[in-house]
Every structure is written in C-alpha cells, then in structure tokens.
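> One structure coming up, written as structure tokens, with questions to follow.
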Amino acid sequence: ACGRDESSTSGNNASAEGETRVFKIAHVVQENHVWNVTAQKFGEELRKLSDGRFDIEIHPASTLGTEADMVQQLETGAIDFGFMTNAYMSTRQDSLNAWFMPYLFGSLEEAVKMRESEPAKQMLEELSSQGLVGLDFMFAGNRHVLMKDGFAESPKDLKGKKIRIIGSPAMQSYWEKVGAGPTAMPLNEVYTSLQTGVIDGIDIDLDALVTEKYYEVAKYLTLTNQMTFPTVIVMSKAVYDSLTPEDQEIIRTAMKNAVDWGVQEAIRREESNLQALKDAGIEVLEEIDPSKFQTVTNEVRNEFSKKSDIIKAFIEEAEGGK
Amino acid sequence: MAFAVLLLLGVPIAYVLGITTVVYIFATGNLTLLVTVPQRLYSGMENYGLLAIPLFMLAGELMNFGGITKRLVDFAKKFIGHFRGGLAYVNVAANMMLAAIIGSATAQIAMMSRTMVPEMEKSGYSKSFSTTTTAAAGLLGPIIPPSMLFIIYGVSSGASIADMFKAGVIPGILLGLGFMIIIAFIGFKESFPKEKRASAGEMFRSFLGVLPALAVPLIIIVGILSGAFTATESAAIASFVALLVGLFFYRELKLSQIPKILINTVSTTAVITILIAMANIFGWMLAFERIPQQIAQWMVSISDSTIVFLLLVNIFLLILGMFMDGIAALIILVPIFMPLLPLYNVDPIHFGIIICINLTIGILTPPVGSGLFIASSITRVPIGELVRSLWPFLIASVVVLLMLTYIPSLTLWLPYATK
Amino acid sequence: MNLFIDRRCFHLRVLSKISDVVYSIEKVLALILALTLMVSMVGGFFFRYVFKNPLLWSDELAIFCLIWITFIGGSMVLKEKASPAITILVDAVPDKYKKYIHAISNLILLIFVAYVLYLASDWIMKPNIFVQKSTALNWPKIYFYLSIPVSFAFATVHVINNTIQSFRQSEKDGGDFQSSR
Ligand code: NA
Ligand code: NA
C-alpha cells in the first residue's frame, strides 16, 4: 500500500499558483441524503466563485470515522469541512439543544426561518471554542412519530411505549418526560425490532422513513413536528484562519448559496416523501394539537433555558415569529 | 511494502495493520492525522453489534466445560453412526449442531479436533482423514448462525446482522450435505468402518440426555429466525442457558471453573476485537486517501456485467484468503466493495454471504490458514499431508460457493420469507 | 565481570516480575469486566422481555466492558504471545536465525505500542475530553477513553519484557554456538 504518486496527496497544505486546492468534507449520511446533495451544491458554487482554484472531495457515510473522530480531525485541520448532526454536537455544546425544544415549529418552513435568527448565529459563534468555524445550519425533515398501533396525539398515547430515539440530551429529556421508554438503538436493528415489537415506535424524519422502509412494519404515522433535525455545517478553524479574507468570503458565500438552495430542496422532499408514504398505504395523521403536550413542553424548555441564555432567546424569538 | 515485510517478520497481524497505518501517515507527511489515531482506535469499538462477540465466545466456553459438546457428539453417533463411514457423518452432523452455538471456525476446529479425531482413530479411520474431516466440517462454524464473520460484516456494512444470520442457514446446510457426499464417495472407495447400531433404548436415552444441550442451539436459531431477539440478545441468553445447563443439568461445570472461563473469554475475544480496532484505523487511512473509490472505479472499468463482477470477486477473495486472515480481510474489503453493489445490482446480504464463505474457505488453504495450523498442531498430522487429503472438501466448498453466488435465492429466500 | 552480569540479570528479573504483576492485574480486571458484561446483558434481556421495563443503561455498561476487554485483553494476549501472526518466514529460516527475527519483530512492536501510548496520553489530556459525558449512564467519557492509555502502558511493559527476552535468547544462543566450536 505504499507506492503512490505525489499528486494525489491533495488538499492539506500546499496550494501553489495555478493548482486546485481540494477541501475534504465529511458527514455521516448516505449519498442520496439532502445534506450530501447540499455539499455537492457547495462544491459547484465554490468552483464557480473561485474560478476553479477550489474544489471539494466528499467522504459520506462515516467513512472518516464517527462524529467524535470527525471533530478531532476538524480541530487539527485533517478534514476541512463537516456536516455534523446537531444531535451529536448538542452533546458538546449546550446551546445547540435549542433546535430540539419541543413543538417550537409547526412545519419545516418555520424551522428553516430560524436559521437567520440572532440566537442561531450566536450558536455558530460559540463553536469557535472547539476549534471550529460554524458556517450555517442545514435541515433534514422535522421529527415525527411512527407507531405500530395507533397515532401519537397526546402523552397518553405514548405512555410506557418503547420508542427508538437518537441520543441527544434534549431528545432524551423530552421522551422521558412524555413517559415513554426511549431506547437508543443502532439503525440496522430498528426494522426487525419494530417488526417483532421489541420497540413500539420510532422518532424519525420522513426521509429516513422512506429509505429504510419502516412503513412495511408499522403503519401509523403522526406528523407531530415535535422537533427539527438540523446539521451544523462547520469548517476547521485552523484551515479557515490560514486563508486570505477574500477566500474566506468566497467560502462563506458559496456555503450560503448552497444552503439557500438546500433548504428549499429539503422542504420539497418533505412534501414528496409524505406523498410517497401515502401512496404506500400508510395511515397518516397530518396535524395534532401541540397543547396536549404543553406540560412536557414547558418542562423541557425551562430545563434547557436554564442551561443557556441562547436557548432562552431562541425560544422567545421562535414563539414571537409565529 | 511495509505491510508485507512486517507480516513476514511474524509481527501479529493486528499490529501489522496499526503499524502500517502509522508508517503510511509519516510517509505522506500528513502528520496532523496521527493525533486522531487513538480516538479512531477507540470509537470503532463503540458498537452495539460487537457485543455479540464476547457473548458467543462465552457460550462456547461454557458449553465445552459444561459437557454440552460431549452430549451433542454422542447423540449424533447413536443416530447415524451405523452407516458406512458412520463416524465421519457423525463428525459433520455434530459440527452442524455445534455451529449453531459457536461463531468461529478456528474455535470449532480446535474443539472438535480434540474430541472427534481420537474417537475416529479408535474406530479405525486414518489419522489424516479424521483430521481432514474435522477441519472441513469446522468451516460450518461461521456459516450456520451465529457467526463472528457475519457480525463483523453487518457492523461494517450496515446490513442487518439478523438477516445475515438467516441467510447463512441454507448455505450451511448445503455445505454440510456437500461434505457428506464427499465422505460417501471416499467411504465406498476405501470401505470405511461402521459403528454398531444403537438399540432403540440407547437412542432414546441419548435423546433425553441431549435435550438440555439442544436447548442452546435451538434458542439461538429459533430466536434469530423468528426475529424475536437481536443477535446480541440471543448471544446473551445462549450463554446464560449454557451456564444453567452446565451447572444444574449435567453438573459438569463447577463454579470454581468460572473465573478461568471468563478470563479465557476475554483473551479469545480480544484476539478478534483488537484486530477489528486496528483494522478500523487502517480502513480509515484507506478512506482518507480515497483508495476504496479508486479500486471501485477500476473494477467498474473492467466489466459492467454482474456475473463477471461476482466471478472476479470470488477469484480475488479465494487468492486473498490463501494469504490473509479472514476477519482482517473482511474489515478492509467491505468499505471497498460496498459502493459497487448498487452498480451491479447485488444485494448486500447476498454479497455478505459470498465474501464470508470465501474468507472462511481461506482458513483451510495454504500457505496461511489458521484452521490448518490449529488442526495440525492438535493432531500432529503434518500440514502437507492435511492439504493433500483436504482438496476434495475444498472443491466441494467452492462448488457450493459458486452455487450460492449465481443462485441468490439460496441465501436471500429465508431472510425475506421471514420478514 | 561476573558482578556486572549478575546485576543485569537482576534487572531483567525485576522487569519480568513487573510484567507478571501487570498480567495478574489484567487477569483480575478481565474477570470483573467479563462478569459485568454478562450480567448487564442478561439483566438487560430480562428487564426488557420479562419485566417489560427496559434498563436504559445496560447496553452502555456492556459497551464500556467490551472496550476495556478489547484493549486490556489485547495486552494480555501479547503477554501470552497468542496473537495470530504469519509465521511462514519464521518457520522457514534455520533455527539459529529465528531468534533474530523474533527480536526484530518484538522491537518494531515495542516502538509501535510505546508510540501509541504517547499519542494516547496526549489525547486523553485534551480539555475537550473532560467535557464529554456518556448518554445513558452519564459517566464522564474519560472512563471509557482511559482504556487506551492504560492498556497500551501495560502492553508496553509486556513487549519490553518480550523484546529483552528475545534478545537475550539470541545472545545466549550465539554464545552457546561459539562455545561449542
Ligand atoms: Na455458527
Ligand atoms: Na489461507
């Protein structure tokens, strides 16, 4: 595995005149996921704006390691960009739990609007203490609930039910307070576990629901919109600081253009996924009354507002915008 | 280069992977990556699926100490021992039952070489044929579920481990039948001995005796096939039942033996998992340099036919299996092949079975075959002699492999039928 | 001259003694870890299926044990010299050269484990490590991460001992060879 030509040692340090600098982007989702498509779009924009001086190389599906590994490689500059799940990053920075405050957004559009808010920008700035430059937030669908028997309209429907969730402080807290038994289970066990009743339901976005075909084994989808599910797009601070101010600006602009396009794509996918699920014959409850979850909602929001002023401000602004 | 030199110097394979990674990072001058080495070494292990490995190892140890292995062999002997070449069939049948508890070929070969070979020799079979049959039948270990290889494939490819286990059942049975056919041929040619036919009473007593022992494989197979438990859960429950049966039914397991069993389990587990940890940093290095993608592009440029692709994969893996350890090869290859599967329209479960059977055969092919070394070191049959009498079994394995490769329903039918 | 050799032997004996002590510590840890893993998985199973009240932390505790088993066990296996290795070349060369190959491969291994120990100690001291907590047990992540520096420290002791033994063996055999001439 040793003999290789120098030209493929792309990216990291040298970028002589006329040479294309290739940035490494890493994330944990599959290639057809909307985050990956947004990363590709970023590549296009970057090539255009830099007149071909910059290019990207995407490492999807955790090929460069888990998110913990990715953050470390971003710190050292071994990877240039990361599309990190907000779920993981919220275990490292409290303020990011803001996106998981229950029932803050009635739809994906409402969540997307908060991307430009002042508290969201503060979250990105806080990341610099971890050696990261927070560039933007990008979205997948909102979180909904798929259950084996019946809809999830109120905490009563979820009491004592075993629900598969993604490990994040705020999500864990929400599901415990609802009275369900949240289980963090690896994705490849979910299908059979749902089928055989090891779990009663899952907290999921529509995109994953369609690709993983869970609707084959559980028929009741409630569009609860209890949370949204962003990715935090970060850049290695070490790499960012090594660039000229003009190039930093090129990167910021290219990313903004890509994400502006990406959020629209995510919204479009939320609709087409829903249609696909209906076509597959799944039972869908399209709207619930979030006030039935009000007690739980307040408890979680209070708990996390105490942890970070940014979360408090974020909740106020989101509530005000409604 | 460094890789080959280190291997030849006899550095343990796990560390060869680690050292190569570090040397390679130094060679590319990308020194910032070194900082991530310990982190990457750690996080590859933080995986729920891997928990099945120590638990199945423990089940195997408990079963051996608890007298379960012995009962299974005795049971098979009472029922099919009276055919010509009877003990050879018993060997295969007992191996099939054991395979439903044990997940690795080397563990199974080690265990059965100690029990079956002396037994066959006593009845007049040659030592080399006895060892050969035992080594070949040991290949069933990682094919019939549970299987360390399937677990590792599932973990690194994202395929469901439960589906992999289901998919292994029919190939395991086919392989077992293949070996029996070979035994029948050789048996008629060399007029093998028969065992005395057991009386109905003896058969019944043996059947009663084996019932608690059979509970262990039954729990695993039924649990997995019905989808009632995950692989990890069935491993946990199998080791628990093996403990109960050994302690309370057969009373051959002593509480004082438990510490030794647990420490053994840690050693045998660590041999595999440290290899996985090191292979993880090696694979990460390959991914960082986009080597999997380059190999994938090269493969696609050769042919776009699925038949040709699978043939090339088989040839490549059989050759690789001659030289390389199965688990290490698996962890390195899975990320390389996965992106190719959708292009050739190959189901990941089907592919998993192909790759795992291939690498299992490698355990018995010279020059590097851990199964050969273990069998030979236990029974003292020279490796050269072993290889000479093994070839009919290896051919049978390759024939089964080709059937599985080109008739996907043999592997895919069961996992889909139980969905 | 004699005194010198004796003292050197004394140092070597101390070293091999340390390696033995480390090995017994490892065995105790192995015992506790394997037992905890089994109990937490079987317990988790019963709580999930029989008592219908899943334990949220049993999987994480089991993973904690598996990680420690992997690295502590990895070190034990080095002491036991039971790691699978390819021995075609070693088997093929004449006996008197075998020792040199063993010595070289041990030395290479020593450099590697000591280097990983160095990287890991560096890694574990990073401020970011201290802020991380595990999700279910809510234990500091450093309890998990410590498995790497601790077991590579143990492994370094074993491999130093193995290396010196293999060198001594080659020296001793070299000596025998000369004296027999
Ligand atoms: Na098996
Ligand atoms: Na081989």
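> Working only within the stretch A:170-186, note down all residues that are in contact with a strand residue (DSSP E or B) (Cβ under 9 Å, 6 or more places away or on another chain) and of a type outside the set (Ser, Thr, Tyr).
Hits for the stretch A:170-186 are A:ALA170, A:MET171, A:GLN172, A:TRP175, A:GLU176, A:VAL178, A:ALA180, A:GLY181, A:PRO182, A:ALA184, A:MET185.
Residues checked against (1) open to solvent by 10 Å² or more (accessible area, probe 1.4 Å); (2) away from ligand 1 (no atom under 16 Å from the Cβ); (3) assigned to a helix (DSSP H, G or I):
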site: B:GLY141; (1), (2), (3): no, no, no
site: B:PRO145; (1), (2), (3): no, no, no
site: B:PHE150; (1), (2), (3): no, no, yes
site: B:PRO171; (1), (2), (3): no, no, yes
site: B:PHE179; (1), (2), (3): no, no, yes
site: B:PHE188; (1), (2), (3): yes, yes, yes
site: B:PHE192; (1), (2), (3): yes, yes, no
site: B:ARG205; (1), (2), (3): yes, yes, yes
site: B:VAL210; (1), (2), (3): no, yes, yes
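> Let me ask something else about it. Can you tell which of A:GLN130, A:GLN122 is modelled with pLDDT of 95 or more and of a type outside the set (Asp, Glu)?
It is A:GLN122.
> Return yes or no: is A:MET84 under 30 Å from A:GLU176 (Cβ atoms) and assigned to a helix (DSSP H, G or I)?
In short, no.
> Would you pick out the residues in the stretch B:31-67 that are more than 7 Å from every other protein chain (Cβ to nearest Cβ) and either touching a Cys at 6+ places or on another chain (Cβ under 8 Å) or in a helix (DSSP H, G or I) (or both)?
Hits for the stretch B:31-67 are B:LEU31, B:ALA52, B:ILE53, B:PHE56, B:MET57, B:ALA59, B:GLY60, B:GLU61, B:LEU62, B:MET63, B:ASN64, B:PHE65.
> Here's a follow-up. I'd like to check something: does the stretch A:126-141 contain any residue that is farther than 24 Å from A:ASN273 by Cβ, part of a loop (DSSP other than H, G, I, E, B) and within 14 Å of chain B (Cβ to nearest Cβ)?
yes
> Assuming B:SER130 fulfils every condition listed in (1) surrounded by 24 or more Cβ atoms within 10 Å (Cβ to Cβ); (2) under 29 Å from B:ALA228 (Cβ atoms) apart from one, which condition is it?
That leaves (2) as the condition not met.
> Please state which of the following conditions B:ILE295 fails to meet, knowing it meets all the rest: (1) over 18 Å from the mean Cα position of the chain (by Cα); (2) open to solvent by 30 Å² or more (accessible area, probe 1.4 Å); (3) within 14 Å of chain C (Cβ to nearest Cβ); (4) modelled with pLDDT under 90.
(3)
> Take B:GLY227 and decide whether it is away from chain A (no Cβ under 14 Å) and out of contact with any Lys or Arg (no Cβ under 7 Å at 6 or more places or on another chain).
no
> Residues in the stretch B:170-215 that are within 23 Å of B:LEU139 (Cβ to Cβ) and of a type in the set (Lys, Arg): how many?
Of the residues in the stretch B:170-215, 1 are within 23 Å of B:LEU139 (Cβ to Cβ) and of a type in the set (Lys, Arg).
> I'm trying to understand the selection: among the residues of the stretch A:131-166, which are surrounded by 19 or more Cβ atoms within 10 Å (Cβ to Cβ), free of Cβ contacts under 8 Å to residues at least 60 places away in the same chain and not aliphatic (A, V, I, L, M)?
Answer for the stretch A:131-166, where residues must be surrounded by 19 or more Cβ atoms within 10 Å (Cβ to Cβ), free of Cβ contacts under 8 Å to residues at least 60 places away in the same chain and not aliphatic (A, V, I, L, M): A:ASP157, A:LYS161, A:LYS162, A:ARG164.
> Moving on to the next point. Before we move on, is B:ILE272 within 16 Å of ligand 1 (Cβ to nearest atom) and buried (at least 20 other Cβ atoms within 10 Å of the Cβ)?
Against the criterion (within 16 Å of ligand 1 (Cβ to nearest atom) and buried (at least 20 other Cβ atoms within 10 Å of the Cβ)), B:ILE272 qualifies.
> Next question. So which residues in the stretch B:174-222 are more than 28 Å from the chain's Cα centre (by Cα) and closer than 30 Å to B:ALA396 by Cα?
Those that are more than 28 Å from the chain's Cα centre (by Cα) and closer than 30 Å to B:ALA396 by Cα: B:PHE188, B:LYS189, B:GLU190, B:SER191, B:PHE192, B:PRO193, B:LYS194, B:GLU195, B:LYS196, B:ARG197.
> Consider the stretch B:351-370. How many of its residues are open to solvent by 10 Å² or more (accessible area, probe 1.4 Å) and more than 16 Å from ligand 1 (Cβ to nearest atom)?
5
Yes/no matrix, rows are residues, columns are (1) in contact (Cβ under 8 Å) with a residue 60 or more places away in the chain; (2) within 14 Å of chain C (Cβ to nearest Cβ); (3) within 16 Å of ligand 2 (Cβ to nearest atom); (4) out of contact with any Asp or Glu (no Cβ under 9 Å at 6 or more places or on another chain):
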| site | (1), (2), (3), (4) |
| --- | --- |
| B:ILE315 | no, no, yes, yes |
| B:ILE319 | no, no, yes, yes |
| B:PHE323 | no, yes, yes, yes |
| B:GLY326 | yes, yes, yes, yes |
| B:HIS350 | yes, no, no, yes |
| B:ILE361 | yes, no, yes, yes |
| B:GLY371 | yes, yes, yes, yes |
| B:PRO408 | yes, no, no, no |
| B:TRP413 | yes, no, no, yes |
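> Quick one: is B:ILE331 within 20 Å of B:SER370 (Cβ to Cβ) and either within 16 Å of ligand 2 (Cβ to nearest atom) or in contact with a strand residue (DSSP E or B) (Cβ under 7 Å, 6 or more places away or on another chain) (or both)?
Here the answer is no, as B:ILE331 does not meet what is asked.
> From the list A:GLU31, A:GLU45, A:GLU110, which residue is open to solvent by 30 Å² or more (accessible area, probe 1.4 Å), outside any loop (DSSP other than H, G, I, E, B) and on the phi < 0 side of the Ramachandran plot?
When all the criteria are applied, what remains is A:GLU110.
> Oh, and also: Within the stretch B:134-187, can you find the residues that are of a type in the set (S, T, N, Q) and in contact with a His (Cβ under 8 Å, 6 or more places away or on another chain)?
Passing the criteria: none in range.
> Determine which member of the set A:ILE233, A:ILE250, A:ILE204 is under 21 Å from the mean Cα position of the chain (by Cα) and at pLDDT 95 or above.
When all the criteria are applied, what remains is A:ILE233.
> Just to be sure I understand, how many residues within the stretch A:279-315 are part of a helix (DSSP H, G or I) and surrounded by fewer than 14 Cβ atoms within 10 Å (Cβ to Cβ)?
Qualifying residue count, the stretch A:279-315: 8.
> If we keep just the residues of the stretch A:207-252 that are of a type in the set (Ser, Thr, Tyr) and assigned to a helix (DSSP H, G or I), which is least open to solvent (accessible area, probe 1.4 Å)?
By that ranking, first place goes to A:TYR214.
The values are calculated or read from the model by the stated rules, or taken from the named source; none is laboratory data. Here the structure is a predicted model, which is why all the values come from computation and not from measurement. Backbone-built Cβ (ideal geometry, glycine too); neighbour counts: all protein chains shown. Heavy atoms of the whole protein, side chains included, go into the accessibility calculation; ligands, DNA and RNA do not. Shrake-Rupley method; radii C 1.70, N 1.55, O 1.52, S 1.80 Å.
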